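K.L.:
Got a structure for you, questions after.
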Amino acid sequence: MKMNRLLNLTIVTFLALLVACGEKEGDRSGFEEATVVAQQVNGENLMNSVAELVDIHLNDIPIDNSECPPGDLFPTDHLTRNAAVGYISEEFRKMGYIPDTAVLGEGAYITYNVFAEWPGTSDAEEVILVGSHLDAFYGGADDNTSAVAAMLEAARIARNFSFSHTIRFIAFDLEELGSIGSTRYVEGGLAGDVKTAIVMDLIGYRSFEPGSQKSVMGIRLPDVGDYLMVIGNRDSEEITRQITDMANSQSLSKALGVLAPGDGAYFLSQALMRSDHGLMWYKGIPAVFFTDGANFRNPNYHLASDLPETIDADFLTGNTKVLMAAIALLAEVQL
Amino acid sequence: MKKILFITIIIATSIFSAHSQDRPGISIFLHQTGMYYSSDNITSEGLGLGIGAHFLHKSQIAGQVDANILWGNGNAITTRIAAGYEKKGKWAPAIYATCNLLWGQRTEILAENGDRPPLPAWAAGVRVTPLKFRTGRGYVSALEFGYGVGPAKAMSLEFSVLSIGIRF
């Protein structure tokens, strides 16, 4: 008799566990409106921005790297940012924004985080942050001019629409030396009003060759590098799932959603937080990260060969549509 | 490290071997464990500790259940059930068929529609315990290895440096 009770209890517990672990149906509300906004992305604008910004990096004077000698993956002799700060500010200004620069730190590694805001109409105090880093090794076509171009294109399009939440477009400085600009920005309390962040780092390179995408620290990925990675953690799980679903179901770009465990800061998953979203994850700010896989895919990573001709214009255009749709969804576009 | 391990095994074997060796029964065991599980949509890995129960019937038919907590990529929990064959005698190498369920935190690759992979993940396979020594009060086992396969081209590797069971 007791055994029967125990058996029944075991079965009920097992069934309850199965129900608890069941998938919730995804929420697709807002996808169609977001896609309408995303269709305004112009590939020609993007590639023009990439070409101009790469040219600017190649003709800029490298930073003083006396405190940071060059390494194989970090050729700091060729790290530039000053002219890019001016270019991005000027582009924002041309669009009608009043850009600002958060100047943080001092000395050789003083950082200039350039930003502009499109105010929300009803929940303006809650900010959707769209970030990409402005410094680059050599020309940096993919790393990270591709993402800066996407951010500028999104900033241009945003002005055609109204959103409930404020959108802050920000180009972080000195990511290549350890996300210095974004770290100071978050540590300085300047991200306290951020409801959600989208951070991008390299979003313009793809390959259809088998084996072109390598595993990331033991994390098995589809080995054909033809997709955008949309990476989240515990705090950004829902938006990561939504953006992945929206990108694929609305045919904006091929997207692969990746969820890091917990806050993402564990030893074996820390490669997934290797950009300006890193400190946001630590601080519990919901942040989703867009990337093409960096050195786990792009053979030009941190090399002089990272030039505009290696960028896949269709891929970059599709990924910028994902960005624009995600902004529209998160900032709640009002059509 | 190897010397410490060897000495530990010898001491534990000596202490426990004062009593009879082939009695059937249940042992509660503690072990250190490590695991790497990789599939198309889940990566779970870490080092940790586990506790379980070991059943022995007619000195050769063995069963085992255990639960383990692993750290390295978040907090992962594995629960395992195993059945197998043990050699009779003091030196009792064994081979088990195992089924592992993996719970807790892991890195996930989402489906196209954003769905998360199933929880728990699982793998079925074999585990060998070549350096298992029965004692009067239980057993000591060193360097256990396991390999399993599962859905979505899953591969599971596990190992234990030392496992100590005490018979009740």
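K.L.:
Go through A:324-333, B:53-62 and give me the packing order, highest mean Cβ count within 10 Å leading. Working shown, then result.
P.N.:
Details: A:324-333: 25.5, B:53-62: 16.2.
So the order, starting with the most tightly packed, is A:324-333, B:53-62.
K.L.:
Please report the antiparallel percentage of DSSP beta bridges with both residues in chain A, rounded to the nearest 5.
P.N.:
Details: 19 of 42 bridges.
DSSP beta bridges in chain A are roughly 45 percent antiparallel.
K.L.:
Still on this structure, I have one more. Here is the link list: A:94/A:321; B:88/B:153; B:58/B:132. Which ones come out longer than 28 Å on Cα distance? Could you put the intermediate results ahead of the total?
P.N.:
Working: A:94/A:321 22 Å; B:88/B:153 36 Å; B:58/B:132 17 Å.
From A:94/A:321; B:88/B:153; B:58/B:132, over 28 Å: B:88/B:153.
K.L.:
Here's a follow-up. Name the residue from A:189, A:272, A:41 whose Cα lies farthest towards the positive end of the charge dipole of chain A, charges +1 on Cβ of Lys and Arg and -1 on Cβ of Asp and Glu.
P.N.:
Checked the options; the winner is A:272.
K.L.:
Ordered by residue, what ³J(HN,Hα) values in Hz, to whole numbers, does the range B:101-106 give under the Karplus form 6.51 cos²θ - 1.76 cosθ + 1.60, where θ = phi - 60° and Gly and Pro are x?
P.N.:
10, 10, 10, x, 7, 7
K.L.:
Treating the beta-carbon of each Lys and Arg as +1 and of each Asp and Glu as -1, no other charges, what is the dipole magnitude of the protein assembly as shown about its Cα centre, to the nearest 20 debye? Intermediate results must be reported in sequence, preceding the final value.
P.N.:
Numbers: 38 positive and 56 negative charges, 888 e Å.
In total the dipole reaches around 4260 debye.
K.L.:
Using amide H atoms built 1.01 Å from N in the peptide plane, name the residues 5+ places from residue A:224, or on other chains, whose amide H lies under 5 Å from its own.
P.N.:
For residue A:224, the qualifying residues are A:211, A:213.
K.L.:
Right, another one. I need the peptides B:116-126, B:99-109 ranked by packing, meaning the mean over residues of other C-beta atoms within 10 angstrom, with the highest value on top. Provide the component values of the computation, followed by the final result.
P.N.:
Values: B:116-126: 18.4, B:99-109: 21.8.
Top of the packing list down: B:99-109, B:116-126.
K.L.:
In a GNM of chain A with a 10 Å cut-off on Cα contacts, which of A:255, A:83, A:149 has the highest mean-square fluctuation?
P.N.:
Ranking A:255, A:83, A:149 by mean-square fluctuation puts A:83 first.
K.L.:
I'd like the distance between the alpha-carbon centres of the range B:108-168 and the range A:199-216, rounded to an integer number of Å.
P.N.:
For the range B:108-168 versus the range A:199-216, the Cα centre distance is 33 Å.
K.L.:
For the range A:82-153 and the range B:63-90, what is the centre-to-centre distance using only Cα atoms, to the nearest Å?
P.N.:
That distance is 52 Å.
K.L.:
Out of residues 5 or more away from residue A:264 or on other chains, whose amide H comes under 5 Å of its own, with H placed 1.01 Å from N in the peptide plane?
P.N.:
Close amide H contacts, sequence-distant or interchain: A:234.
K.L.:
Among B:75, B:27, B:41, which residue has its Cα positioned farthest towards the positive end of the charge dipole of the range B:2-167, with +1 placed on the Cβ of Lys and Arg, -1 on the Cβ of Asp and Glu, and the dipole taken about the Cα centre?
P.N.:
B:27
K.L.:
So for chain A, taking the charge dipole from beta-carbon charges (+1 Lys/Arg, -1 Asp/Glu), which of A:253, A:202, A:103 sits furthest toward the positive end?
P.N.:
The Cα lying farthest towards the positive end belongs to A:253.
K.L.:
Averaged over peptide B:98-109, how many Cβ atoms belonging to another chain are found within 10 Å of each residue's Cβ? Can you show the working numbers first?
P.N.:
Details: counts 0, 0, 0, 0, 0, 2, 2, 7, 5, 16, 9, 10.
That average works out to 4.
K.L.:
Could you give me the ³J(HN,Hα) list for the range A:48-57, computed from phi with Karplus coefficients 6.51, -1.76, 1.60 and θ = phi - 60°, whole Hz, x at Gly and Pro?
P.N.:
Listing the rounded values in order: 5, 4, 4, 4, 5, 6, 4, 4, 5, 5 Hz.
K.L.:
Further, regarding this structure: Need the list of aspartates and glutamates near residue A:195 for cross-linking: C-alpha distance under 18 angstrom, and skip anything on the same chain fewer than eight residues off.
P.N.:
A:117, A:123, A:125, A:126, A:187, A:235, A:237, A:238, A:263, A:276, A:332
K.L.:
Averaged over its residues, how many other protein chain Cβ atoms are within 10 Å of peptide A:251-263's Cβ atoms?
P.N.:
Working: counts 0, 0, 0, 1, 3, 4, 9, 6, 9, 6, 12, 5, 1.
Other-chain Cβ atoms within 10 Å of each residue's Cβ, averaged: 4.
K.L.:
So, one more: May I ask you to evaluate 6.51 cos²θ - 1.76 cosθ + 1.60, the Karplus curve with θ = phi - 60°, for each residue of the range A:228-242 and list the ³J(HN,Hα) values in order in whole Hz, giving x for glycine and proline?
P.N.:
My calculation for the range A:228-242 gives 8, 8, 10, 10, x, 10, 4, 6, 10, 4, 4, 6, 4, 5, 5 Hz in order.
K.L.:
Using only atoms on other chains, find how many Cβ atoms lie within 10 Å of each Cβ of peptide A:212-222 and report the average. Kindly include the intermediate steps, with their values, before the conclusion.
P.N.:
Details: counts 0, 0, 0, 2, 2, 4, 6, 9, 12, 3, 2.
Mean number of neighbouring Cβ atoms from other chains: 4.
K.L.:
Do me a favour and compute the ellipsoid semi-axes for chain B from its Cα gyration tensor, root of five times each eigenvalue, largest one first, whole Å. Don't skip to the end; give the middle numbers.
P.N.:
Values: eigenvalues 208, 50, 28 Å².
Taking √(5λ) for each eigenvalue gives 32, 16, 12 Å, largest first.
K.L.:
Summing -39500 (n - 2.57) over the DSSP H runs of n ≥ 4 in the protein assembly as shown and dividing by its residue number, what mean residue ellipticity at 222 nm do you reach, to the nearest 500 deg cm²/dmol? The partial results should precede the final answer.
P.N.:
Working: 10 runs with 130 residues, N = 503.
Roughly -8000 deg cm²/dmol at 222 nm, from the helical runs in the protein assembly as shown.
K.L.:
Assign unit charges at the C-beta atoms only (+1 for Lys and Arg, -1 for Asp and Glu), then state the dipole size of the range A:92-140 relative to its Cα centre in Debye, rounded to the nearest 20. Intermediate values should be presented prior to the final figure.
P.N.:
On the way: 2 positive and 7 negative charges, 67 e Å.
Approximately 320 debye in magnitude.
Only the coordinates and a few stated rules stand behind these numbers; no lab work does. What you see is a predicted model; the values in this text were computed from it and never measured. Using ideal geometry, Cβ is built from the backbone for each residue, glycine included, and neighbour counts are taken over all protein chains shown.
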